Amino acid sequence: MQFTITARNEWRIQSIFSRSSLKRINRDRFQARNLHQVPILDATEFRGDSRDRFAKKVLEAFQTSGFLYLRNAPLSADGQNRAITATRHFFDSTEQSKRILHTTKDNPRGYYSYHGVAEGESPGGAEIEAFLMGNEIPAIQLRRKYFEDMGMEEKYWKPMTLQQKNVWPREDLTFREIMTSTFTTCTETSRLILSAIAIATGRDEEAILGVHSQADSTMEIKHYPPGGSRKTIREEYQSNISMTSNGSSSDIPLRVKAHSDLSSVTLLLQNEITGFEILRGDSTWVPLERVEGAVLVNTGDCMERWSGGKIRSTKHRVVANSDNEKKSRYSLVYFCMPNWDTSVNQWDHSMDNPDKFGDIVPFH
Ligand SMILES: O=C(O)CCC(=O)C(=O)O
Ligand SMILES: [Fe+2]
């Protein structure tokens, strides 16, 4: 059967005959809009004469959508691909080899799995697998004050006061090596972003880097196995994104519920399987796909609080869409955290209303 498809009626004809083309068109429309909203910046601009201009663009992004894509970051395009490949290999390994690395009640680092938590109802499909590593920080005493300063309830911060000791697979030394070097380049990337924020806000660069000098930053890799969406819900979801949903809608199969990050800055790598969405100021959810070679960066609750709300900690979530039906989604998230002895009420006390932030709820 032959059709002459014009741009105007393309949507209607394809929606009758091909659900997958419908999906593609739908995504393209949103891609155009979201790339407009979330800038792609080039880290090589952060030097010489263009340094201040780059810093200003960074700040602008964090004051509007709260997100930006960063190209040519210390975490290079090659490094990103290596990290995602190592992530896939790790989750492909046997149940037995992952079980040995399971988190315990005394150590939250290592392998674990959980059901995607939805807001309200309908957990979105198969279990999510995750692996957590980071700096190993033995000091515990400082943490109570740190979390109390944030106004967090004990039940949320208590698990984070446990010993954070990394565990690694014995049989796969490459995994440890790649994760450790990715952690290091993520740290450098987050420091570049922190410097840019300091410059653009007229703050002391050394001061902002100083309060992140020994941070208990953590890195989490995740596997969202296929089978996350169910047909009826998916159709609902598609009509929802074309009409733009209002965030409270519960018929979308969520895999990670809407939340903001506790961090100063978060870096995100993802494979080509979509599902990551951010909440815009007009209460619509916008998908943010992988941009080849770029790291997705956002500012978290600490930064929002320090800046008296001038810098945003934007809510985001992961949904199960049709992309995830047959293929796995992999992600790597680096949470850059301030030192444990740093007060998050430290900056911009005089600005706005520092008390407007209620409890800061941790990211999981
Ligand atoms: O896995 C993802 O794509 C994002 C997860 C996330 O937002 C988080 O862990 O804070
Ligand atoms: Fe997050």
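Observations on the model:
- Subset of segment 175-218 that is among the charged types (D, E, K, R) and open to solvent by 40 Å² or more (accessible area, probe 1.4 Å) - its residue that is farthest from residue 43 (Cα to Cα): 176
- Residue 286 part of a strand (DSSP E or B), in contact with an Asp or Glu (Cβ under 9 Å, 6 or more places away or on another chain), within 10 Å of ligand 1 (Cβ to nearest atom) and β-branched (Val, Ile, Thr): no
- Unique residue being within 10 Å of ligand 1 (Cβ to nearest atom), over 11 Å from the mean Cα position of the chain (by Cα), at pLDDT below 95 and not in a helix (DSSP H, G or I) when the list is 311, 273: 273
- Some residue of segment 87-101 being modelled with pLDDT of 90 or more, touching a Gly at 6+ places or on another chain (Cβ under 7 Å), under 17 Å from residue 220 (Cα atoms) and not in a helix (DSSP H, G or I): yes
- When residues of segment 306-334 are limited to those that are open to solvent by 10 Å² or more (accessible area, probe 1.4 Å) and under 26 Å from residue 136 (Cβ atoms), the one farthest from ligand 2 (Cβ to nearest atom): 330
- Scanning segment 153-170 for residues that are at pLDDT 75 or above and either assigned to a loop (DSSP other than H, G, I, E, B) or open to solvent by less than 40 Å² (accessible area, probe 1.4 Å) (or both) turns up 153, 164, 165, 166, 167, 168, 169, 170.
- Within segment 249-270, restricting attention to residues that are near ligand 1 (Cβ under 10 Å from one of its atoms) and not aliphatic (A, V, I, L, M), the residue that is most open to solvent (accessible area, probe 1.4 Å) is 257.
- Elements of type helices (runs of 4 or more DSSP H) contained in segment 1-76, each with 3 or more residues being open to solvent by 50 Å² or more (accessible area, probe 1.4 Å) and modelled with pLDDT under 95: 10-17, 19-37
- Restricting 87, 104 to residues that are touching a Phe, Trp or Tyr at 6+ places or on another chain (Cβ under 9 Å), closer than 30 Å to residue 157 by Cβ and not hydrophobic (A, V, I, L, M, F, W, C) narrows the list to 87.
The values are calculated or read from the model by the stated rules, or taken from the named source; none is laboratory data. Since the structure is predicted, the reported quantities are computational estimates derived from the model, not experimental observations. A quick note on method: Cβ atoms are made from the backbone with ideal geometry, for glycine too, and the neighbour counts reach across all protein chains shown. We work out accessible area using only protein heavy atoms, side chains counted, and drop any ligands, DNA or RNA first. Shrake-Rupley method; radii C 1.70, N 1.55, O 1.52, S 1.80 Å.
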